[in-house]
1. Restricting attention to the range 200-217, which residues are at pLDDT below 90 and touching a Pro at 6+ places or on another chain (Cβ under 8 Å)?
2. Are there any pairs, at least 6 apart or on different chains, whose C-beta atoms fall under 9 Å, with the first in the range 177-201 and hydrophobic (A, V, I, L, M, F, W, C) and surrounded by fewer than 17 Cβ atoms within 10 Å (Cβ to Cβ) and the second at pLDDT 90 or above and part of a loop (DSSP other than H, G, I, E, B), and if so, which?
3. For the range 262-296, give me each residue that is free of Cβ contacts under 8 Å to residues at least 24 places away in the same chain and touching a strand residue (DSSP E or B) at 6+ places or on another chain (Cβ under 7 Å).
4. Are there any pairs, at least 6 apart or on different chains, whose C-beta atoms fall under 7 Å, with the first in the range 65-82 and in contact (Cβ under 8 Å) with a residue 40 or more places away in the chain and the second of a type in the set (S, T, N, Q), and if so, which?
5. Determine which member of the set 94, 119 is out of contact with any Leu (no Cβ under 7 Å at 6 or more places or on another chain), of a type in the set (Asp, Glu), on the phi < 0 side of the Ramachandran plot and modelled with pLDDT under 85.
6. Mind checking which residues of the range 205-214 are closer than 18 Å to residue 72 by Cβ, surrounded by 15 or more Cβ atoms within 10 Å (Cβ to Cβ) and not aromatic (Phe, Trp, Tyr)?
7. Being assigned to a loop (DSSP other than H, G, I, E, B) and surrounded by 13 or more Cβ atoms within 10 Å (Cβ to Cβ), is that true of even one residue in the range 165-174?
8. State which residue is modelled with the lowest pLDDT when the search covers only the range 122-140 and only residues that are in a helix (DSSP H, G or I) and under 14 Å from residue 171 (Cα atoms).
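The values are calculated or read from the model by the stated rules, or taken from the named source; none is laboratory data. A quick note: this is a predicted structure, and the numbers were derived from the prediction, not measured. Ideal geometry is used to build each Cβ from the backbone, glycine not excepted, and the neighbour counts take in all protein chains shown.
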Amino acid sequence: MAKRKELGKGIRALLNNIEEKNSPEQRSEVVKELSKNIGQIPINQIEVNPFQPRVEFDPIELEELSTSIKTYGLIQPITVRRLSDEKYQLISGERRLRASKLAALTEVPAYIRIANDQELIEMALVENIQRSNLNAIEVGIAYQRLIDECNLTHETMASRVGKNRSTITNYIRLLKLPPQIQAALKEGKISMGHARSLVGVGNVEDQLYVFYETVNKGLSVRALEKLIKGLHATKKTSETKESKAFAAELQKMSDNLSHKYGAKVKIKRDDKGRGQVIFGFNNDNELNDLYESFDA
């Protein structure tokens, strides 16, 4: 019985009474309440959706997310559908659920839906987004839920909530930030402007570096953008030097091969390390000589 209490009295009351709600208005009120409340669901009561289109998950990414969950908890709740009193089916968040299992969690935060209420949940989510007291991460999560649960495109969502498509995209991109930065945005330690600048930083290590510099030094958005620009310029200069050094090394290798085989040699290589070594010849005699040198 202890696990039943974890769900919360309010949420459990809503779920237990849903069968008694016969009118559309009554069911709509229940769905609205469920859509903005989060319950703690025992992991062993959640079954995955058999129609989940994604079946492959990067084990390294799962391990990284698991480590983050151990430290900061699961910031973005999963969404489940109630099947019975102690049985739920996953709607969205399988990657988060798997990582939570790796982190040895026994329960996870979840939005709970009742079956066959697609239109109601969409209306409730849109209504919740209009609330003025939501922070940027909560808005991003709500937009992502509309995509995952209601199959809405960014364009359709924009018309539903009266926002520009770019605004929708900007909020959803915030969910890609590391948990430390998401938590800081929720707590008001950084602004939406700071977060949008941090999203554009190339990798997590650089994101965290400029984030901590921003928080520790109280940088403005403009100062943060200047720091990011300087970081990019430094890396670009370093990459240019490395590129020139590598090009010189490739040319040296080409010259050595040309000298060894008595033919013009060209090495082509892309950024992923794939390429070709091309031997040139002017006539059949040179081709035969080249072939024999290979065979020697």
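1. If the condition is that a residue be at pLDDT below 90 and touching a Pro at 6+ places or on another chain (Cβ under 8 Å), then 204 is the only one that fits.
2. Once the first residue is hydrophobic (A, V, I, L, M, F, W, C) and surrounded by fewer than 17 Cβ atoms within 10 Å (Cβ to Cβ) and sits in the range 177-201, its partners that are at pLDDT 90 or above and part of a loop (DSSP other than H, G, I, E, B) give 183/189; 199/177.
3. Of all residues in the range 262-296, those free of Cβ contacts under 8 Å to residues at least 24 places away in the same chain come to 264-288, 291-292, 295-296.
Answer for the range 262-296, where residues must be free of Cβ contacts under 8 Å to residues at least 24 places away in the same chain and touching a strand residue (DSSP E or B) at 6+ places or on another chain (Cβ under 7 Å): 264, 265, 266, 267, 268, 269, 275, 276, 277, 278, 279, 280.
4. 75/182; 79/92
5. On the way: 94 fails: modelled with pLDDT under 85.
Only one candidate qualifies: 119.
6. Narrowing the range 205-214 to residues closer than 18 Å to residue 72 by Cβ: 205, 207-208, 211-212.
Filter once more, keeping what is surrounded by 15 or more Cβ atoms within 10 Å (Cβ to Cβ): 207-208, 211.
Within the range 205-214, 207, 208 meet the criteria.
7. First pass over the range 165-174, keeping only residues assigned to a loop (DSSP other than H, G, I, E, B): none.
Scanning the range 165-174, I find no residue that is assigned to a loop (DSSP other than H, G, I, E, B) and surrounded by 13 or more Cβ atoms within 10 Å (Cβ to Cβ), so the answer is no.
8. 129
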